[in-house]
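Q: I'd like to ask some things about the structure below.
The values are calculated or read from the model by the stated rules, or taken from the named source; none is laboratory data. Quick caveat, the model's predicted, so the values are computed rather than measured. Because the Cβ atoms are built from the backbone with ideal geometry, glycine has one as well, and the counts that use them run over all protein chains shown.
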Amino acid sequence: MKPTTKYPRQKVSVLIIVYNTPAAILTEAVISLLNQSRQPDEIVIVNNGSAEPETNFYLDIINGHRDRIKVLNVNKCDNPVLIGLQNCKYELVLHFRPVDKAKYDLIKNLKLK
């Protein structure tokens, strides 16, 4: 078996799909990504028709933050992941759940096989 290879300089997109995720939980996820030792080159958040006012307000605030965060608003589409992937700039995409919190070196230590 071939050893894994690190790609610390490869551009990385992070994709997050949101549907009625509480703003506090989403905030923790985004902050954990922005506090990485190597930040993602972009964060694409697909808002799949969230009805939570606080979540929508938070997404409006962070859209365009540092030119790294892009929020796409869709209305309960069947495949929000596909829409997100089509809007990611970079080939390497990390699909991240909004309830997750990234460890400090997650992106720096990404390995491809």
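Q: Would you point out which residue out of L94, L72, L106, L85 is surrounded by 15 or more Cβ atoms within 10 Å (Cβ to Cβ) and out of contact with any Leu (no Cβ under 9 Å at 6 or more places or on another chain)?
A: L72
Q: Can you confirm whether D105 is free of Cβ contacts under 8 Å to residues at least 40 places away in the same chain and of a type outside the set (K, R)?
A: no
Q: Which condition from (1) touching a strand residue (DSSP E or B) at 6+ places or on another chain (Cβ under 6 Å); (2) outside any helix (DSSP H, G or I); (3) among the aliphatic types (A, V, I, L, M) is the one that L106 breaks?
A: (1)
Q: I'd like to verify a number: residues in segment 75-89 that are in contact with a strand residue (DSSP E or B) (Cβ under 7 Å, 6 or more places away or on another chain) and modelled with pLDDT under 95, how many?
A: 2
Q: A follow-up question, please. Select from segment 20-37 the residues that are assigned to a loop (DSSP other than H, G, I, E, B) and free of Cβ contacts under 8 Å to residues at least 40 places away in the same chain and write down the one among them that is farthest from N109 (Cα to Cα).
A: This residue is N20.
Q: Take segment 5-49 and flag every residue that is in contact with a helix residue (DSSP H, G or I) (Cβ under 6 Å, 6 or more places away or on another chain) and either surrounded by fewer than 16 Cβ atoms within 10 Å (Cβ to Cβ) or among the small types (G, A, S) (or both).
A: Result: A23, single match.
Q: Can you tell me how many residues within segment 62-76 are within 15 Å of the chain's Cα centre (by Cα) and not in a strand (DSSP E or B)?
A: 7
Q: Looking only at segment 50-61, which residues are surrounded by fewer than 19 Cβ atoms within 10 Å (Cβ to Cβ) and part of a helix (DSSP H, G or I)?
A: Those that are surrounded by fewer than 19 Cβ atoms within 10 Å (Cβ to Cβ) and part of a helix (DSSP H, G or I): P53, E54, N56, F57, D60, I61.
Q: A further question follows. Of the residues in segment 53-69, how many are under 12 Å from P98 (Cβ atoms) and either hydroxyl-bearing (S, T, Y) or touching a Pro at 6+ places or on another chain (Cβ under 9 Å) (or both)?
A: 2
Q: Does Q10 fit the bill of being touching a Phe, Trp or Tyr at 6+ places or on another chain (Cβ under 9 Å) and modelled with pLDDT under 95?
A: Spelling it out, Q10 is indeed touching a Phe, Trp or Tyr at 6+ places or on another chain (Cβ under 9 Å) and modelled with pLDDT under 95.
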